[in-house]
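Asks: What follows is a single structure, and I will ask about it in a moment.
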Amino acid sequence: MLLPAEKSWIIARNKTVENVSLSILQRIRLSILTGKPEERNDQQSQRNVFRSFLLHFRPASVPERTLDFSLSWGQGGMALVLVILLFASGLMLKFSYEPSPARAYASIIHLVNQVRFGQLLRNLHHWSANGLLLVVFLHCLRVFYTGAFTGPRQLNWSIGLVLFAAVLLSNFTGYLLPWDQRAYWAITISTSMLDYLPAVGTGLREWILGGSEPGPGTLVNFYAIHTAILPALLLFFVPWHFWRIRKANGLVIPRRSENEPMTAGEMVDSMPHLIIREAAVALLVLAAVLLISMFFNAPLDAQANPGLSPNPTKAPWYFMGVQELLIHFHPLFAVLVIPGLLVLGLLLIPYFNYEANTAGVWFCSARGRKMALAAAILASVATPAAVWFDAYATAFWRAGPAGLVSNGLLPFTVLLAVCAGFYWLVKQTFRANNNEAIQAMFTLIVTSFVVLTMIGVWFRGAGMQLGWAA
Ligand code: HEM
Ligand code: HEM
């Protein structure tokens, strides 16, 4: 049943506004809702308004098969929710945070003790930030293992890598802001790694720090990068990422094998099928972050003391893999050559020449799945073994001063030989095509890096000696 005002509003949409008497609110509403008028009741019209608003952001329909939760695990959506949460909580933190060595720590203490819900706000920001890193990493793995980086999604993989870098740097620059012992020394040790970059290293470190060690200039730099530059970068790249998904006609179509055609199949309306799933994922993430934030406080040590370094001094957890590499390799290899090759490899993944089109097929094939599993098991055993061997059994080649050859070229050549041998083995023994072989290599390297990170975080004690980290 239409109300009289509703009727005149519909008439007004068919004619010109001047011909019908409307209240000012109706005129404003009319100026916003310019769609095709139809007679509908109140509830229906509200639903249609909501729907047409959503369809500016979401496609009208999607292939039903891409809605299967086991394709995306909702990870991209989770990442988006966390980014939004970080923006919201970050903006609120700005009202109390003061970016100077004299005031930063005190402003955090004030926030958590004096401001209502201040501790919760800080916790939300902290756990969302760490959760985002984890979710984005898993999202990256799912995209890789479903072959969703191949054409027409190649560029989106690269945009994703930029997003990964932005999330990593956001975490890193945020880490310093509380200006406690943990923050000060983690940033000192991480930025000191830059010194090992030939020619530009020290200059780059001093430029980033705004001086020779973390101080007022560093806080100002990190604060500006954290709350302006990186958010601007995310605001540009996240929508671009989503735009590319639309341009690729949605997600990769899941298939059981490469022989199955890549047809979209049945299409369903986004509203409610997609939107309801996205809303469920968003609510779950919000509930999880809120629960964690209610029970676990973001860490805060004593105020930063540049004269007293903790033992051991560790980088933030996501850089512990590189710090662990530094224990085993000459700094040139640990900081430049190995990470540089890894980043190059990640950038090139979509552009290798693959034998088969396995887009949408989990792990390429059943054989690919087995080989990936074997690679993960091998790396989980071989990496700790190599760390142990290097710590206790290589004294003979470390007797002299740690040199570019004994500490760098030699172990690096061994590493390359292991990788090449592994690649050859899977190609020869398992008759793998190059999709499966590259996937197995990727698994080997990523698992090794994760294991190195875990060793650095949990198994390095005082003096960075092997043992349980207290
Ligand atoms: C802030 C970080 C990121 C956000 C918010 C984000 C968000 C999303 C969302 C919502 C999707 C749709 C489907 C899904 O949930 O998987 C998606 C797909 C995709 N993402 Fe991301 N992503 C991020 C980072 C990354 C990274 C690090 C990579 C890879 C290096 C990446 C590569 C891709 C690709 C290739 C697709 C298309 C997948 C397909 O068609 O199945 N994204 N992303
Ligand atoms: C991807 C986005 C972001 C990430 C990953 C991130 C990460 C972090 C991290 C890890 C901290 C240290 C928290 C702690 O453990 O004490 C932090 C602090 C902070 N962030 Fe962010 N942040 C992001 C976005 C933002 C935005 C958009 C703003 C504001 C415009 C912001 C403002 C702040 C402020 C003021 C602090 C200092 C307060 C504190 O340390 O508790 N952040 N951020």
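Asks: Would you mind checking which residues have amide H under 5 Å from VAL361's amide H? H placed 1.01 Å from N; only 5 or more apart, or other chain.
Replies: Under 5 Å from the amide H of VAL361 lie the amide H atoms of ARG255, each far enough along the sequence or on another chain.
Asks: Compute the convex hull volume of the Cα atoms of the chain, divide it by the residue count, and report the result per residue in Å³ as a whole number.
Replies: Normalising the Cα hull of the chain by residue number yields 194 Å³.
Asks: Here's a follow-up. Show me, for region 427-436, the HN-Hα J-couplings you get by feeding each phi into the Karplus relation (A = 6.51, B = -1.76, C = 1.60, θ = phi - 60°), rounded to Hz, glycine and proline as x.
Replies: 5, 7, 5, 9, 6, 6, 7, 6, 4, 5
Asks: Now a separate question. Quick check for the chain: number of Lys pairs with alpha-carbon distance under 23 Å, counting only pairs 8 or more apart or on different chains?
Replies: 4
Asks: Pop out the ³J(HN,Hα) list for region 255-266 in order, Karplus 6.51 cos²θ - 1.76 cosθ + 1.60 with θ = phi - 60°, rounded to Hz; leave Gly and Pro as x.
Replies: The phi angles translate into 9, 7, 8, 5, 7, 6, x, 8, 8, 5, x, 5 Hz.
Asks: While we're on this one: Order by neighbour count: GLU266, GLU324, GLU258, fewest other Cβ atoms within 10 Å first, most last.
Replies: With the sparsest Cβ surroundings first, the list reads GLU266, GLU258, GLU324.
Asks: Using alpha carbons only, how many angstrom separate the centre of region 432-458 from the centre of region 193-238?
Replies: 29 Å
Asks: Still on this structure: For region 214-219, just list the computed ³J(HN,Hα) in residue order, Karplus coefficients 6.51, -1.76 and 1.60, θ = phi - 60°, integers in Hz, with x standing in for Gly and Pro.
Replies: Coupling constants for region 214-219: x, x, x, x, 5, 4 Hz.
Asks: Also, quick follow-up: Under the rule that an exposed site lies in a DSSP loop and has at most 14 other Cβ atoms within 10 Å, name the longest stretch of the chain with no trypsin sites (Lys or Arg not before Pro) of that kind, not counting the sites themselves.
Replies: Of all site-free stretches, the longest is 257-430.
Asks: Mind listing the long-range amide H neighbours of ASP180? Cut-off is under 5 Å, sequence gap 5 or more, other chains count too, H placed in the peptide plane at 1.01 Å from N.
Replies: It is ALA304, by chain and number.
Asks: Okay, moving on. Under a 5 Å amide H to amide H cut-off, with H placed in plane at 1.01 Å, what residues pair with ALA469 once short-range neighbours are removed?
Replies: Residues meeting the amide H criterion: PHE459, ARG460.
No value in this document is a laboratory result; all are computed from the given coordinates. Source: prediction; values computed, not measured. Glycine gets a Cβ as well: all are built from the backbone with ideal geometry, and neighbour counts include every protein chain shown.
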